[in-house]
Each structure stands twice: as C-alpha cells, then as structure tokens.
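The values are calculated or read from the model by the stated rules, or taken from the named source; none is laboratory data. All values derive from a computational prediction rather than experimental measurement. Note that we place each Cβ from the backbone using ideal geometry, even for glycine, and neighbour counts take in every protein chain shown.
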Amino acid sequence: KGKVCGDTIDIIDGRPVGASRVSFGRQSSEHQIFLQDVEIFEAMIDACFVSSPSLQHFLSNRIISKPLLTDIFIYPVKSCSSIRVER
C-alpha cells in the first residue's frame, strides 16, 4: 500500500497520506543553490504542516503520530524514471 503523486488515495489504514512534488529548475543545478532550495522546501513543510499553532490546536484532543517520510525519489529528467534516494 502506498501513495503515488497524482493518485486518488487519501487515507490508508485510517491515516491521511500525501505526496509532494517539488521541481527544481536549471538554476538549481549548482550544489549550494540546490541545498538552499531543499532547505526552503523543508522549512515550508515544517511551518505549514508540522509546527503550525492552528494545527496543534486542532489536533490537541486527538491521538496523532508524527508524520513519517518513507521514501524520496528524484527525477533528474522530466518524464523519465526516478532514482530512489538511499539514506
């Protein structure tokens, strides 16, 4: 079971799931710029979905486990196969 970008699966085993797609342009090809772009994306996920005060208030009466990132895939060429990022 799993979520794939663009599918219609929203809940698996009673838990909401999601997929994010981030496109980095030609300007992101330099290593430092790419790392900065990734850090900005990570900060946005944290601010909007993990640490939001309104989200914490909404979830205060619920038992929720922390979000779990299971896989990262990169697509170095549009419309071609992905490469799985190993930890």
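Listed by first and then second residue, the pairs with beta-carbon distance under 8 Å, at least 6 apart or on different chains, first residue in region 61-87 and within 19 Å of VAL17 (Cα to Cα) and among the polar types (S, T, N, Q), second modelled with pLDDT under 80 and part of a loop (DSSP other than H, G, I, E, B), are THR70/GLY2.
Let's see how each residue does on (1) farther than 15 Å from LEU69 by Cα; (2) of a type in the set (Val, Ile, Thr); (3) modelled with pLDDT of 70 or more:
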residue	(1), (2), (3)
GLY2	no, no, no
ASP7	yes, no, yes
ILE12	no, yes, yes
PRO16	no, no, yes
ARG21	no, no, yes
SER29	yes, no, no
GLN32	yes, no, yes
GLN36	yes, no, yes
ILE45	no, yes, yes
